[in-house]
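Student: Sharing a structure with you now.
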Amino acid sequence: VNIVEHFFDVDKCIIRCDGPIKKINNRCFSIDDPNQSTITAIYLPNSVEELGRYCFNMADITEFRVPDNLQICNSPFANNPRLTKFTGNNTDGYSIIIDNVLWCYAPGIENDSYVIPDNVIEIGTGAFDATKIKNITIPESVKRINYSAFQRSSLLSVTIPQSVEYIADNAFDLC
């Protein structure tokens, strides 16, 4: 079961998905007006394997439990200034890390600095999109920085180690 793009628009709601959902597509539960009341809680089953780009754009949540079977997570929480915590098996609390790919950093965290864990080999598409982080330490383990990885972030300082072999287009766009 896939939930398709722009599935519904919301005004102050709780999203609870039960059942064998595998994918939530791009902008599925996205809100385009930042002044609207938005999603206040999201509960997804462990069957979810993929979260599409901006699928929870501007949701008004503070915490998100990462589904156990999640494999791909392309910047689903852009413009979520209150999201400060991830819980579940594939997280360090600040970011979602699956199979050594850092997929997403919580955009509401006010920390000035973040040290990417040493087990990360790739920074996913939009991983730090619209985050407040100012300084990033990238470990020698990282080989790839994907498309728009740091776009619209508050990034002021980053040291890119020699281990990085690939930096995609727009990786640091609008920083």
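The values are calculated or read from the model by the stated rules, or taken from the named source; none is laboratory data. These numbers come from a predicted model, not from an experiment. FYI the Cβ positions are ideal-geometry reconstructions off the backbone, even for glycines, and counts take in every protein chain you see. Note: accessible area is taken over every heavy atom of the protein model, side chains too, but ligands, DNA and RNA are not part of it. Shrake-Rupley method; radii C 1.70, N 1.55, O 1.52, S 1.80 Å.
Student: At what distance in nm do the modelled label points of K134 and K85 sit from each other, each positioned 7 Å from its Cα along Cα→Cβ?
Tutor: 2.4 nm
Student: Oh, and also: List, in order, the whole-Hz ³J(HN,Hα) value for each residue of region 89-100 obtained from phi through the Karplus relation with A = 6.51, B = -1.76, C = 1.60 and θ = phi - 60°; use x for Gly and Pro.
Tutor: Listing the rounded values in order: 6, 9, 8, 9, x, 9, 9, 9, 10, 10, 6, 6 Hz.
Student: According to a simple spin-label model (label point 7 Å from Cα along Cα-to-Cβ), what is the distance in nm between N100 and F172?
Tutor: 2.5 nm
Student: Let me know the Rg and Dmax you get for region 26-175 when you use only its Cα atoms, in Å.
Tutor: 14.2, 44
Student: Just read off the accessible area of C28 with the full protein assembly in place, 1.4 Å probe, to the nearest 10 Å².
Tutor: Approximately 0 Å² for this residue.
Student: Counting only protein heavy atoms and using a 1.4 Å probe, what share of the accessible area of the chain belongs to carbon plus sulfur, as a whole percent?
Tutor: On the chain, the fraction of accessible area on carbon and sulfur atoms equals 45 percent.
Student: Right, another one. Provide the packing ranking of 156-169, 47-60, i.e. peptides ordered by the mean count of other C-beta atoms within 10 Å per residue, highest first.
Tutor: 47-60, 156-169
Student: On to the next question. Compute the accessible area per residue over region 41-119, keeping the other protein chains in place, probe 1.4 Å, unit Å².
Tutor: 38 Å²
Student: Sticking with this structure for a sec: Using the basic label-point model (7 angstrom from Cα toward the beta carbon), what is the E63 to D112 distance in nanometres?
Tutor: 2.8 nm
Student: Using the beta-carbon distance between L156 and Y43 and R0 = 41 Å, what value does 1/(1 + (r/R0)^6) give for FRET efficiency, to the nearest 0.05?
Tutor: With a Förster radius of 41 Å, E is 0.70.
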